[in-house]
Amino acid sequence: MGMTMTQKILAAHAGLDKVEAGQLIEADLDLVLGNDITSPVAIKEMDKMKVDGVFDKDKIALVPDHFVPNKDIKSAEHCKCVREFAYRNQITNYFEVGQMGIEHALLPEKGLTVAGDVIIGADSHTCTYGALGAFSTGVGSTDMAAGMATGKAWFKVPGAIKFQLTGSLPEWVSGKDLILHIIGMIGVDGALYKSMEFVGEGVKSLSMDDRFTIANMAIEAGAKNGIFPVDELAKAYMDEHSTKQYTVYEADDDAVYDEVYTIDLNTLRPTIAFPHLPENTKTIDEITEDIKIDQVVIGSCTNGRIDDLRCAAKVLKDKKVAPGIRCIIIPATQAIYLQAMEEGLLKTFIEAGAVVSTPTCGPCLGGYMGILAAGERCVATTNRNFVGRMGHVDSEIYLASPAVAAASAVAGKISCPCRL
Amino acid sequence: MENAKGIVFKYGDNVDTDVIIPARYLNSSDPAELATHCMEDIDKDFVKKVKKGDIMVATKNFGCGSSREHAPIAIKASGISCVIADTFARIFYRNAINIGLPIIECADAANEIEAGDEVEVDFDSGKIYDLTKGTEYQGQAFPPFMQKIIDAEGLVNYINAK
């Protein structure tokens, strides 16, 4: 009986030749991540541990990104706690405002996450790095504390679901539409405790940014991780961004999968998740009524990368955001922000009547920078549309791709570029 | 481990960590303060009614979404002695074990127990008793490794003891 990609990575990090689904193992960690919300709790827990300091100052990443630049006094205190911990422990990869970005866009860009790594992060979207062929998964603050102290974490080896992709994405259809389609198909607990492995010749047509988006939302199907094979595109990305040595693991031919789905990318359509679960999906063709909106958010760890901004700019070029609509665009990192400026994307956004913010998770989790009032509707490229996620419990979030979000900003209602 | 016994607060599928503790309160990490906002976006009366020892019961995928450990911390600090669910989202499951909030998986109990029932949970046997209805259920026992973390009342103590 063979192993999946994920199982091979876990076996190698547990010092075992072989693991199987359900087995409990202890694995060595290549990177432990925390942000300004989860790290203070982890630091408090680590203080209770009988350890001298962190296991490896180079293998910890601390990224204040959720409520920064500090939104209020309490957030400032949290950030101060993280900053002081980072200095005290000489953490190499602490990213201050000015260097920081949204953690899951920032770490791959900084070359800290590569193929074959085992990565835990006290943030559920840590699964993003599976796009590069790493095993990465979200944990809580206590696991983060234990990881920082010992360099190890316990895992139950997951089974897997295989998504065999064929064909290529049509115009105005992106990785976001694919992952929303999948979540709509299998449900928000469809991959509970499991890996989602995305394979097949269709992977070739997906850009790295598409792959990050897809792996990022594996958690929205309940998955432990999402993972892609390491092809030439992934290698080129790592060669460009990282000096770390990477290891490529491939699934065995006789690896065991709990389920296999084949998806023809050519058949996908722009897909939107209706309130209040990411599984409530409809394609743009299934939306026949006018759904008027109040706000659009383009950004987040899911869709704040350069491809996403280029797509939004292509839609917004020489157009205007509809009267009464607030369109908020958030480049995910400083590098993406700078590149968007150099490519003239920011000019396009501002001329269209959108606002452009410094990198922050802000509105995605209802923190700040775009909170919704009762009865308001938002089309967002973010990852969750739970009750009250972006503000008032009586507000609504529609999850969509950057193309759909930008087109909706222009139309003042849910739309897509092909309808403008 | 001592039995849990209390009155049930009942919820449905996919209770996410954003409703357990909304992000607008995550500028605090104080358990007592978090507890004052626990569940408020789906059940405004929860914090007013909950008494020490009470039990939370929900159906599928409890604790999905954000990895915030503030969610099990808020539930524990509100006085809840045990959460029973058909299934738990995996990060919540880890977090609950790591901070010492007792949880137990049991589909029949999760589906049949109703709000207001008095329920007792025997952690040693995994048995769940609905004292109001007079019914009994067998919950999923923890693997020995996780039981050790629970017995140590959380991962920090477990690591310190090692």
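The values are calculated or read from the model by the stated rules, or taken from the named source; none is laboratory data. Just so it is clear, the structure is predicted and the values come from calculations on it, not from any experiment. With ideal geometry, Cβ positions are generated from the backbone for all residues, glycine too; neighbour counts draw on all protein chains shown. Quick note on the areas: whole protein, heavy atoms, side chains included, nothing else; ligands and nucleic acids left out. Shrake-Rupley method; radii C 1.70, N 1.55, O 1.52, S 1.80 Å.
Taking region A:132-160 as the range and being among the aliphatic types (A, V, I, L, M), facing another protein chain (nearest Cβ under 10 Å) and over 23 Å from A:M217 (Cα atoms) as the test, the residues that pass are A:A145, A:A146, A:A149. Among residues of region A:35-62 that are open to solvent by 20 Å² or more (accessible area, probe 1.4 Å), those with a beta-carbon under 6 Å from a residue that is at pLDDT 95 or above and of a type in the set (A, V, I, L, M) at least six positions away or on a different chain give the pairs A:E45/A:A145; A:V51/A:A149; A:V54/A:I60; A:V54/A:M148; A:K57/A:I91; A:K59/A:L31. Using the structure shown, decide if B:E105 is open to solvent by less than 10 Å² (accessible area, probe 1.4 Å) and charged (D, E, K, R). Against the criterion (open to solvent by less than 10 Å² (accessible area, probe 1.4 Å) and charged (D, E, K, R)), B:E105 does not qualify.
Among all positions in region A:329-338, there is no residue which is within 14 Å of chain B (Cβ to nearest Cβ), over 21 Å from A:I219 (Cβ atoms) and open to solvent by 10 Å² or more (accessible area, probe 1.4 Å). Select from region A:128-165 the residues that are of a type in the set (S, T, N, Q), assigned to a helix (DSSP H, G or I) and open to solvent by less than 10 Å² (accessible area, probe 1.4 Å) and write down the one among them that is farthest from A:R211 (Cα to Cα). Only one residue fits best here, namely A:T142. Here is the figure for region B:44-64: residues that are within 11 Å of chain A (Cβ to nearest Cβ), within 16 Å of the chain's Cα centre (by Cα) and within 23 Å of A:A374 (Cα to Cα) total 0.
Among all positions in region A:254-273, there is no residue which is within 14 Å of chain B (Cβ to nearest Cβ), under 19 Å from A:T137 (Cα atoms) and not aromatic (F, W, Y).
Matching residues to (1) farther than 30 Å from B:H37 by Cα; (2) of a type in the set (V, I, T); (3) surrounded by 24 or more Cβ atoms within 10 Å (Cβ to Cβ):
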{"residue": "A:E351", "(1), (2), (3)": "yes, no, no"}
{"residue": "A:C364", "(1), (2), (3)": "no, no, yes"}
{"residue": "A:V393", "(1), (2), (3)": "no, yes, no"}
{"residue": "A:L399", "(1), (2), (3)": "no, no, yes"}
{"residue": "A:K413", "(1), (2), (3)": "yes, no, no"}
{"residue": "A:C416", "(1), (2), (3)": "yes, no, yes"}
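Scanning region B:65-107 for residues that are hydroxyl-bearing (S, T, Y), more than 27 Å from A:S300 (Cα to Cα) and more than 7 Å from every other protein chain (Cβ to nearest Cβ) yields a total of 2. Considering only region A:249-262, I want to know if a residue exists there that is of a type in the set (A, V, I, L, M, F, W, C), at pLDDT 95 or above, surrounded by 18 or more Cβ atoms within 10 Å (Cβ to Cβ) and in contact with a Gly (Cβ under 8 Å, 6 or more places away or on another chain). Within region A:249-262, one or more residues are of a type in the set (A, V, I, L, M, F, W, C), at pLDDT 95 or above, surrounded by 18 or more Cβ atoms within 10 Å (Cβ to Cβ) and in contact with a Gly (Cβ under 8 Å, 6 or more places away or on another chain). Could you tell me which residue of region B:18-28 is modelled with the lowest pLDDT, considering only residues that are touching an Asp or Glu at 6+ places or on another chain (Cβ under 9 Å) and surrounded by 20 or more Cβ atoms within 10 Å (Cβ to Cβ)? Checking each candidate, the answer is B:N27.
Tell me yes or no: at least one residue of region A:340-352 is in a loop (DSSP other than H, G, I, E, B), under 25 Å from A:K71 (Cβ atoms) and at pLDDT 95 or above. Looking through region A:340-352, none of the residues is in a loop (DSSP other than H, G, I, E, B), under 25 Å from A:K71 (Cβ atoms) and at pLDDT 95 or above. The residues in region A:174-192 that are closer than 23 Å to A:V230 by Cα and assigned to a loop (DSSP other than H, G, I, E, B) can be counted, and the count is 2. Residues in region A:386-399 include at least one that is touching a helix residue (DSSP H, G or I) at 6+ places or on another chain (Cβ under 9 Å), among the aromatic types (F, W, Y), under 20 Å from A:D285 (Cβ atoms) and outside any loop (DSSP other than H, G, I, E, B). With respect to B:K127, is the statement that it is of a type in the set (K, R) and either out of contact with any strand residue (DSSP E or B) (no Cβ under 8 Å at 6 or more places or on another chain) or within 14 Å of another protein chain (Cβ to nearest Cβ) (or both) true? So B:K127 does not fit the description; no. Just for region A:373-391: of the residues that are within 14 Å of chain B (Cβ to nearest Cβ) and over 24 Å from A:D177 (Cα atoms), which one is surrounded by the fewest Cβ atoms within 10 Å (Cβ to Cβ)? Selected residue: A:A374.
From the list A:V188, A:V230, which one is surrounded by 22 or more Cβ atoms within 10 Å (Cβ to Cβ), aliphatic (A, V, I, L, M), out of contact with any helix residue (DSSP H, G or I) (no Cβ under 6 Å at 6 or more places or on another chain) and within 14 Å of chain B (Cβ to nearest Cβ)? Walk me through it before giving the result.
Values: A:V230 fails: within 14 Å of chain B (Cβ to nearest Cβ).
Of the residues listed, the single one that is surrounded by 22 or more Cβ atoms within 10 Å (Cβ to Cβ), aliphatic (A, V, I, L, M), out of contact with any helix residue (DSSP H, G or I) (no Cβ under 6 Å at 6 or more places or on another chain) and within 14 Å of chain B (Cβ to nearest Cβ) is A:V188.
Listed here are the helices (runs of 4 or more DSSP H) enclosed by region A:1-106 that have at least 2 residues being at the interface with chain B (Cβ under 10 Å from one of its Cβ atoms), farther than 23 Å from A:S242 by Cβ and in contact with a strand residue (DSSP E or B) (Cβ under 9 Å, 6 or more places away or on another chain): A:39-47.
This table checks each residue for (1) more than 14 Å from every other protein chain (Cβ to nearest Cβ); (2) open to solvent by less than 10 Å² (accessible area, probe 1.4 Å).
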| position | (1), (2) |
| --- | --- |
| B:A109 | yes, yes |
| B:T132 | yes, no |
| B:I150 | no, no |
| B:E153 | no, no |
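Listed here are the residues, each with its yes/no results for (1) more than 19 Å from A:I9 (Cα to Cα); (2) of a type outside the set (S, T, Y); (3) in contact with a strand residue (DSSP E or B) (Cβ under 6 Å, 6 or more places away or on another chain).
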residue	(1), (2), (3)
A:S207	yes, no, no
A:G222	yes, yes, no
A:F228	no, yes, yes
A:E232	yes, yes, no
A:E240	yes, yes, no
A:T243	yes, no, no
A:T247	no, no, no
A:D254	no, yes, yes
A:E259	yes, yes, yes
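In region A:227-260, the residue that is farthest from the chain's Cα centre (by Cα) out of those that are over 21 Å from A:S205 (Cα atoms) and part of a strand (DSSP E or B) is A:A255.
Of the residues A:H125, A:H104, which is under 18 Å from B:A89 (Cβ atoms) and buried (at least 24 other Cβ atoms within 10 Å of the Cβ)?
A:H125
Every test in (1) open to solvent by 30 Å² or more (accessible area, probe 1.4 Å); (2) assigned to a loop (DSSP other than H, G, I, E, B) is passed by A:V321 save one, and that test is (1).
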